[in-house]
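Enquirer: Shown below is the structure under consideration.
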């Protein structure tokens, strides 16, 4: 009977303090564009006029599992006059090509699956 009297307060303490296993909040996983910024020469022959962008996991809370491969995004190019970027679901995904020189960076934004938008990147075309 004495053992039960010792165990009850211990069990109550563990329940109140949240000790033991807990489920991680995996909704906090984020992505990033790699590289964030780059420069290419529009007048050069490939590959010097190109830059390959990709998306990688950025913040993965401990205990959360992620797929081995990040889905290939659809890329949005905010200046198609100066740059093109591939959204093909193959090895060319994320390959940006400078078409003309421009002062300042050209912003790109990837979108993954059901509306997951990732902080974009930028390519400077010289």
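Enquirer: Going from the alpha-carbon gyration tensor of the range 62-112, what semi-axes, largest first and in whole Å, does one get by taking the root of 5 times each eigenvalue?
Expert: After diagonalising the Cα gyration tensor, the semi-axes are 27, 13, 8 Å.
Enquirer: Let me ask something else about it. After finding the eigenvalues of the alpha carbon gyration tensor for the range 19-121, what semi-axes result from the square roots of 5 times each, listed largest first in whole Å?
Expert: For the range 19-121, the ellipsoid semi-axes come out as 33, 12, 11 Å.
Enquirer: Right, another one. Subtract the Cα-Cα distance of residue 54 and residue 68 from 0.36 nm times their separation in residues, and report this length gain in nm to one decimal.
Expert: Full extension of this stretch gives 3.6 nm more.
Enquirer: Quick check: residue separation of residue 101 and residue 78 times 0.36 nm, minus the Cα distance between them. What number comes out in nm?
Expert: Numbers: separation 23, 0.36 × 23 = 8.28 nm, distance 1.48 nm.
Taking residue 101 through residue 78 to full extension adds about 6.8 nm, to one decimal.
Enquirer: While we're looking at this one, here's another question. With no solvent and one point per C-alpha, what does the Debye sum give as log10 I(q)/I(0) for the range 52-91 at q = 0.30 Å⁻¹?
Expert: -1.13
Laboratory data are not the source of any read-out in this text; all were calculated from the coordinates shown. All figures in this text were calculated on a predicted structure; none of them were measured in a lab.
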